[in-house]
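Participant: One structure, as structure tokens, below. Some questions next.
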Amino acid sequence: MNDTPHRPPRATPGGAAPVTARTLAFDVLRRVEEDGSFASRALDVALSQAGALDPRELGLATELTYGTLRRALALDAALAPHVSRSLEKVEPVARVLLRLGAYQLLYLSTAPHAAVGETVELARQRGFDRLTGFVNAVLRSLLRAGPPPPPPSLEEDPAAHVAAVEALPRWLADEWVAWLGPAEALALAAAMNGAAPLTVRSPAATSCWPPRAPPAWRPAPAPARPTAWCSRAPRCRRWPARPARCPSRCRTRGPSSPP
């Protein structure tokens, strides 16, 4: 366990609102929603410009950004009964705020009062005071309604189950179920919505299986096992402290090394 005390969010110059995980995620999601920006590039820029934030804040910003985007269809379906007009007619910045708050309520272990209160405060910090009442009312209505109804079972309606559980467009769930079968389609959708596993890819046939530990990793190489579909890409259960290139020219991939 990390006993390092949690540092308070860094204040921005000029007395502006502090940079937090939620402000970072909001700014990135707004760029995606309004400008069509690529989430990964926008998030990389936002994180690099954030300065010396606590790693937990950076991790939460990443989770909020990608989680909200991955679950957008399910979030919109959950929010729709609590909005008097179509979500498509709600202005983009309000949609971003509602999805961000709903993701914390429905998918994270965020305390309900914090999820609602922090989202309302976020609107105020970013200069959207006129939206605070609307955002507060919708999120509190969603909170009172409780969890959404369960989806059809995988046996009863496989495509509907996959689409609802993993927030996929129905047409895509239909295609995946027809292609892979219900269980594999569900596993693929779940993998797409989860964090990618860490792998080591070697262009040199099977020369890196079992994986050899580069000098920077010794004496404790990362535990690894072969992936299901590619013997040249072992999957690591954890990432070593210092990624490096292995002697047979493997390209390491993980959170500390760029793609």
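The values are calculated or read from the model by the stated rules, or taken from the named source; none is laboratory data. In this text the structure is predicted, and so the values were computed from the model without any measurement. Backbone-built Cβ (ideal geometry, glycine too); neighbour counts: all protein chains shown. Just so you know, the surface numbers come from the protein's heavy atoms only, side chains and all, with ligands and any DNA or RNA stripped out. Shrake-Rupley method; radii C 1.70, N 1.55, O 1.52, S 1.80 Å.
Participant: Say R0 is 30 Å: what FRET efficiency, to the nearest 0.05, do residue 108 and residue 155 get from their beta-carbon distance?
Facilitator: In this case the efficiency is close to 0.55.
Participant: Oh, and also: Taking only protein heavy atoms into account and a 1.4 Å probe, give the accessible area per residue of segment 25-83 in Å².
Facilitator: Details: 2840 Å² over 59 residues.
With all protein chains present, segment 25-83 gives 48 Å² per residue.
Participant: What FRET efficiency comes out for residue 193 versus residue 86 if R0 is 30 angstrom and r is the Cβ-Cβ distance? Round to the nearest 0.05.
Facilitator: On the way: r = 25 Å, r/R0 = 0.84.
For R0 = 30 Å, the calculated efficiency reads 0.75.
Participant: What full-extension length gain, to one decimal in nm, is calculated for residue 45 and residue 77 as 0.36 nm per residue of separation minus the Cα-Cα distance?
Facilitator: 8.5 nm
Participant: Take the Cα gyration tensor of segment 79-178, multiply each eigenvalue by 5, square-root it, and list the three semi-axes largest first, rounded to whole angstrom. Don't skip to the end; give the middle numbers.
Facilitator: Details: eigenvalues 176, 44, 26 Å².
So the equivalent ellipsoid measures 30, 15, 11 Å along its semi-axes.
Participant: Let me ask something else about it. May I ask you to order 86-98, 183-195 by the average number of other C-beta atoms within 10 Å around their residues, highest value first?
Facilitator: So the order, starting with the most tightly packed, is 86-98, 183-195.
Participant: Return the distance in nm (one decimal) between the two label points of a simple spin-label model at residue 140 and residue 58, each offset 7 Å from Cα along Cα→Cβ.
Facilitator: 3.8 nm
Participant: Another one. Starting from the Cα-Cα distance between residue 171 and residue 130, subtract it from 0.36 nm times their residue separation and give me the gain in nm to one decimal.
Facilitator: The residue 171-residue 130 span can extend by a further 11.0 nm.
Participant: Hey, another quick one. Give a residue-ordered list of calculated ³J(HN,Hα) values for segment 178-195 (Karplus: 6.51 cos²θ - 1.76 cosθ + 1.60, θ = phi - 60°; whole Hz; x for Gly, Pro).
Facilitator: With the stated coefficients, segment 178-195 comes to 5, 7, 10, x, x, 5, 5, 5, 5, 5, 5, 5, 5, 5, 5, 8, x, 5 Hz.
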